[in-house]
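The structure appears right after this line, and notes come after that.
The values are calculated or read from the model by the stated rules, or taken from the named source; none is laboratory data. What you are looking at is a predicted structure, and each value in this text was computed from that prediction instead of being measured. A quick note on method: Cβ atoms are made from the backbone with ideal geometry, for glycine too, and the neighbour counts reach across all protein chains shown.
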Amino acid sequence: MKNIDYWYIPKFFSYEELVNIHNIFEQNTDNEVFDIPAKDVTKKAKVYMSHWYNFKHVLNSLDQSLLKINQDNFGFNIWPQYDANIVRLNEYDSAYKGEYDWHVDGSTDDEAYDIKFTLLLNASLESYEGGKFYLFTAGATYIDKLDDPGDVVIFKSYIPHCVSPVTKGKRHSMTLFYNGPKFQ
């Protein structure tokens, strides 16, 4: 049996495709939806929120890749993205040392589902320093596979993870959560 905590896809999107993703956020940010960071954790980021229906024409191939990766390597019971699901664009700016402390992605105890996967896309359009992504599997592990724009990392949402402070420029990451029935 495989014991995989994360999967990566290098250079899934080109620079032009990342610009298009940013444009979709600019045109379709939903100011009625608010990001709720993990409890008791510091998150210094500007978060743009939109809905899957604005992105599905651009993200369908990524979604299909995740479904295949799950089928072949993880076997989680997950639901496909649906139109009202939230897509997030996190902007970590060196002007305020943007970061996100150690946390896990999860649903509340009273919800009928669990977040099974977190999918991160490095959607940065300019160079930056800092903003390194870490998973805590056998200790804190720097995941350099998310360093380049267009790179994608998919990981089990219950694994602690963080983003170190950005020290120069702006780092952008797009986040998708994949939900499924409660873990049993």
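Can we say ASN54 is surrounded by 11 or more Cβ atoms within 10 Å (Cβ to Cβ) and over 18 Å from GLY131 (Cα atoms)? Yes, satisfied. Being at pLDDT below 95, of a type in the set (S, T, N, Q) and over 17 Å from ILE9 (Cα atoms) is a property that does not hold for THR167. Being within 14 Å of the chain's Cα centre (by Cα), over 21 Å from SER50 (Cα atoms), surrounded by fewer than 22 Cβ atoms within 10 Å (Cβ to Cβ) and not polar (S, T, N, Q) holds for only one residue in ASP110, ASP147, and it is ASP147. Scanning region 23-51 for residues that are aliphatic (A, V, I, L, M), out of contact with any Pro (no Cβ under 9 Å at 6 or more places or on another chain), surrounded by 11 or more Cβ atoms within 10 Å (Cβ to Cβ) and not in a helix (DSSP H, G or I) gives VAL33, ALA38, VAL41, MET49. Only one entry of ILE78, ILE69 meets the criterion of being of a type outside the set (Asp, Glu), over 21 Å from ASN122 (Cβ atoms) and either in contact (Cβ under 8 Å) with a residue 40 or more places away in the chain or exposed (fewer than 15 other Cβ atoms within 10 Å of the Cβ) (or both), and that entry is ILE78.
For residues that are part of a loop (DSSP other than H, G, I, E, B) and of a type in the set (A, V, I, L, M, F, W, C), scanning just region 104-139, find the one that is nearest to LEU66 (Cα to Cα). The residue in question is ALA123.
Among the numbered conditions (1) of a type outside the set (Lys, Arg); (2) buried (at least 16 other Cβ atoms within 10 Å of the Cβ); (3) touching a strand residue (DSSP E or B) at 6+ places or on another chain (Cβ under 7 Å), the only one that SER127 does not meet is (2). Out of ASN20, ASN60, ASN54, which single residue is of a type in the set (S, T, N, Q), in contact with a helix residue (DSSP H, G or I) (Cβ under 6 Å, 6 or more places away or on another chain), without any contact (Cβ under 8 Å) to a residue 60 or more places away in the chain and in a helix (DSSP H, G or I)? Result of the check over ASN20, ASN60, ASN54: ASN54. Considering only residues that are touching a residue at least 40 places away in the same chain (Cβ under 8 Å) and closer than 24 Å to SER94 by Cα, which ones fall in region 134-148? Result: LEU135, ILE143, LYS145, LEU146, ASP148.
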